[in-house]
Structure formats: C-alpha cells, structure tokens
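Enquirer: Starting off with a structure, shown below.
All of the numbers you see were taken from the coordinates with simple rules; none came from a lab. Note that this is a predicted model, so its numbers are computed, not measured. In this analysis, Cβ positions are derived from the backbone assuming ideal geometry, glycine residues included, and neighbour counts consider all displayed protein chains.
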Amino acid sequence: MSQDFRPRGIGAIADGAIELYRANFRTIALSSFIIVFPFALILGVIQTFYFRGILELFGSIDEALISGSNPFTELSVVSLFIYPVTYVFAFARAYFASALYNSAPAMLHGQKVGLKQFIAGGRRHLLAFVLVSVAAYLASQIGYLLLLVPGVILYVRLSLAALTTVTENRNVDSAFRRSWTLTSGAGWRIVGFVIVVGLLTYALESAVNAPAIIRQVWDSAQNPNAVFAEISVWWKTAEGMLSAAAVSLVTPFVYLCWYGLYLDLRARRDGMDLHARALDLAKEA
C-alpha cells in the first residue's frame with residue numbers, strides 16, 4: 001500500500017486503518033486470535049453466564065423465595081472469576097497492541113511481516129507499554145474522581161503515551177511529555193475521534209454477534225418475558241464464543257485507528273508529511 005503521512009480527517013484515518021488491516025489481514029488476524037482470543041473467550045463465557053444469570057434470577061426470584069433456595073450462590077461463585085480474568089485479558093491486549101505498533105511502520109511501508117516476527121516483536125517494549133498504560137489510566141481515573149473534566153483532559157492528553165513507548169522507543173517520563181506535546185490543541189479532535197471509533201467498534205462487534213442478537217430479538221418478539229427465561233448452557237457458551245470472536249477481529253482495527261491518529265498528529269505537529277516528501281525528492285534526485 002502507498003505511504004500517506006498527510007494530515008487526515010477521522011474518516012480517512014478509519015479508512016487507512018481498514019486498508020492496512022486488509023493488506024496484512026492474515027498476520028494481524030491470526031496474531032489476534034493467538035494472543036487475544038483465548039482470554040477473550042474465557043472472559044466472554046464467564047460474563048455471559050454471569051449477566052444471563054442475573055436476568056434469569058429476576059425471572060425466577062419468586063420461585064426461589066418460595067422454595068427457600070439461595071439463587072445468589074451460583075452468581076457469587078461466577079463473579080469471583082471476572083476480575084482476575086479481566087486483568088489477564090487486559091495484559092493480552094497490551095501485548096498485542098505492543099506487537100502491532102512495533103510492526104505497523106514496516107507494514108505501512110508495504111513490507112510483509114511474518115506471524116512469528118509479529119508476535120515476537122511484542123516483547124521489545126512491553127514493559128514500558130504496560131507501565132505507561134497503567135499510569136495513564138490511573139491518572140485519568142483520579143481526574144474523574146476529583147471532577148469529570150480533569151479526567152477527560154488527562155485521558156485526552158495522555159492517550160498516545162503508551163503508543164509512543166513503542167513507535168519512538170520512549171521511557172515512561174518521556175512518553176508522557178511526548179503525548180502531551182502531540183495532543184496539544186487537538187482535544188476536541190481526539191474526543192470526536194474516540195466517539196466515532198467507539199461507534200464503529202460497536203457496529204462491527206454487533207455484526208459479528210448478529211446470531212446472538214437475532215436470537216434475542218426473535219425470542220423477545222415471541223414472548224416479552226423471554227429475556228428473563230433460562231437458556232441452555234450450550235447457547236450461553238456460544239454467545240461467549242461469538243463475543244470473543246468479535247473482540248479478536250475488531251481489536252486490531254481499533255489499535256490501527258489510534259496509530260492513524262498518531263500519524264495524523266505527527267503530520268500536524270512535526271510536519272512529518274513534509275519530511276517524507278523531502279526524502280522522496282532526495283531519492284529521485
């Protein structure tokens with residue numbers, strides 16, 4: 001695919017992410033299913049059993065009270081696994097993001113990156129990536145607790161810090177300062193970007209989850225109380241698998257969108273597009 005380092009709108013960033021994903025689909029998708037899918041599957045199944053269990057609980061609460069049984073026992077046991085698996089899943093996503101950002105520059109220049117090379121590249125900057133991601137998350141959460149606006153501001157200004165630990169080989173302190181510089185004056189642009197990418201993510205994941213959504217709509221049309229009805233273990237597992245597949249397929253697109261935003265802000269702040277054009281002219285001379 002051709003190189004394009006010009007400033008771009010949000011739509012062009014999303015188009016670029018799709019193009020880069022398609023050009024390297026085998027490597028990116030397989031890596032996501034190797035790194036992300038196993039933990040997304042475990043988490044998806046657990047969450048499906050938990051949330052479906054809550055709905056079924058509302059549907060059978062009267063019978064449980066009459067029989068004297070404790071309907072909360074099973075839900076409590078399932079809930080114990082949610083948080084530990086969530087943290088492991090978050091680490092798997094961080095590893096995949098580190099691997100993707102490490103290989104993205106080569107892919108952007110049209111080079112083919114092998115599966116082993118892609119996965120192994122995730123280790124190069126993983127520690128810094130995780131540390132910066134956690135620190136940026138905690139900073140934004142503290143801002144949310146103090147007042148909503150500071151939390152949003154910190155989230156926006158530090159949103160590219162973890163990415164720069166990989167793309168620019170920066171340490172924790174330098175990554176924060178670099179993100180603060182890149183995002184200066186682009187606050188509303190980044191907020192709009194987050195909203196648009198969030199909506200696209202929801203739409204794409206819903207498309208993969210279509211069988212489960214269609215079943216729920218069909219059952220609800222037949223019986224308004226179907227949402228509270230008990231469903232089979234096999235169908236709950238299938239819903240968890242669909243959810244995991246949706247996350248594994250869409251996650252690379254989300255990270256590629258953030259990489260596109262990073263390139264856009266570098267073009268605006270650093271004049272990277274002018275530098276790339278100057279190199280092309282030098283090669284032609």
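Enquirer: Per 0.36 nm of contour for each residue apart, how much would the distance between R124 and A23 grow if the chain were fully extended, relative to their Cα-Cα spacing?
Expert: The R124-A23 span can extend by a further 34.0 nm.
Enquirer: How high is the FRET efficiency from F91 to D173, r the C-beta distance, R0 22 Å, rounded to 0.05?
Expert: Step by step, r from the Cβ atoms, then E = 0.45.
Enquirer: Go through 87-99, 240-252, 115-127 and give me the packing order, highest mean Cβ count within 10 Å leading.
Expert: 240-252, 87-99, 115-127
Enquirer: Label the stretch 141-203 by shape, choosing from rounded, prolate and oblate, from the square roots a ≥ b ≥ c of the eigenvalues of the Cα gyration tensor; if a/c is under 1.5 it is rounded, and otherwise prolate applies when a/b is larger than b/c, oblate when it is not.
Expert: oblate
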